[in-house]
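Enquirer: Following this message is one structure expressed as structure tokens.
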Amino acid sequence: MHLPLLDQQAEVYSWQGVRSDESLARRNLPELEKVGGGLWNYRPILQWTAQDCFDMHRKHGIKHNPLYEQGMGRVGCMPCIHARKDELLEISKRFPEEVERVARWEWIVSAASKRGSSTFGVGTDISVASIHSVVEWSKTSRGGRQLDFLRLQDGPACSSVYGLCE
């Protein structure tokens, strides 16, 4: 990778909007980290809570991502491979085109893979899973063995994990 500023011996700071309570991996990250070669990672909101982020948006009149109101807890990628079970169920209902987009990528990756396979289900209790099998799993009750008909009902209740529905 060619970074002209680093080539000139300048220091470059990469600002990262991550919070320590988002995951175990982020819990122990330092706020400022020297990567090397003049590159630093700076995480200014590392100690903020999700509520702190939404409060700051409100304070400055910045609209939050509408996906938060639709039940999503993570909106950096769609669908996030770390999505909660109920989040994935909501994605499959509201954004079936995204499920199909991932399925197409799985097909392309499997065709190019030496193993002839690809998986979506990182972080699930399904060892080798396609997006379609993970969506089917998202429809089940705890344990993943039987359909949870209460979860499959569509209703007017707020599905935002942050309580943003009005």
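The values are calculated or read from the model by the stated rules, or taken from the named source; none is laboratory data. These numbers come from a predicted model, not from an experiment. Positions of Cβ are backbone-derived with ideal geometry, glycine not excepted, and every protein chain shown enters the neighbour counts. What goes into the accessible areas is simple: the full protein's heavy atoms, side chains included, and nothing from ligands, DNA or RNA. Shrake-Rupley method; radii C 1.70, N 1.55, O 1.52, S 1.80 Å.
Enquirer: Taking the mean number of other Cβ atoms within 10 Å as a proxy for protection, how do you rank 41-48, 103-110, 54-61 from highest to lowest?
Expert: Going by the mean number of other Cβ atoms within 10 Å, highest first, we get 41-48, 103-110, 54-61.
Enquirer: What GluC sites (Glu not before Pro) in the range 10-50 are in a loop by DSSP, with at most 14 other Cβ atoms within 10 Å of the Cβ?
Expert: Working: sites: E11, E22, E31, E33; in loops: E11, E31.
For GluC sites (Glu not before Pro) across the range 10-50 that sit outside H, G, I, E and B with at most 14 neighbouring Cβ atoms in 10 Å, the list reads E11, E31.
Enquirer: Short version: ³J(HN,Hα) in whole Hz for each residue of the range 40-49, in order, from phi by Karplus 6.51 cos²θ - 1.76 cosθ + 1.60 (θ = phi - 60°), x for Gly and Pro, what are they?
Expert: For the range 40-49, the Karplus-derived couplings read 10, 9, 10, 10, x, 10, 3, 8, 6, 8 Hz, x marking Gly and Pro.
Enquirer: Sticking with this one: Could you give each residue of the range 132-138 its phi-based ³J(HN,Hα) in whole Hz, using Karplus coefficients 6.51, -1.76, 1.60 with θ = phi - 60°, and x for Gly or Pro?
Expert: Here the 3J(HN,Hα) series is 5, 6, 5, 4, 4, 4, 5 Hz.
Enquirer: Carbon and sulfur atoms: what percent of the 1.4 Å accessible area of the range 31-77 do they account for? Don't skip to the answer; put the middle values down first.
Expert: Numbers: 1620 of 2960 Å².
Of the solvent-accessible surface of the range 31-77, carbon and sulfur hold 55 percent.
Enquirer: Hull surface divided by four, with the convex hull built on the Cα atoms of the range 28-118: how many nm²?
Expert: Seen from a random direction, the Cα hull of the range 28-118 projects 9.6 nm² on average.
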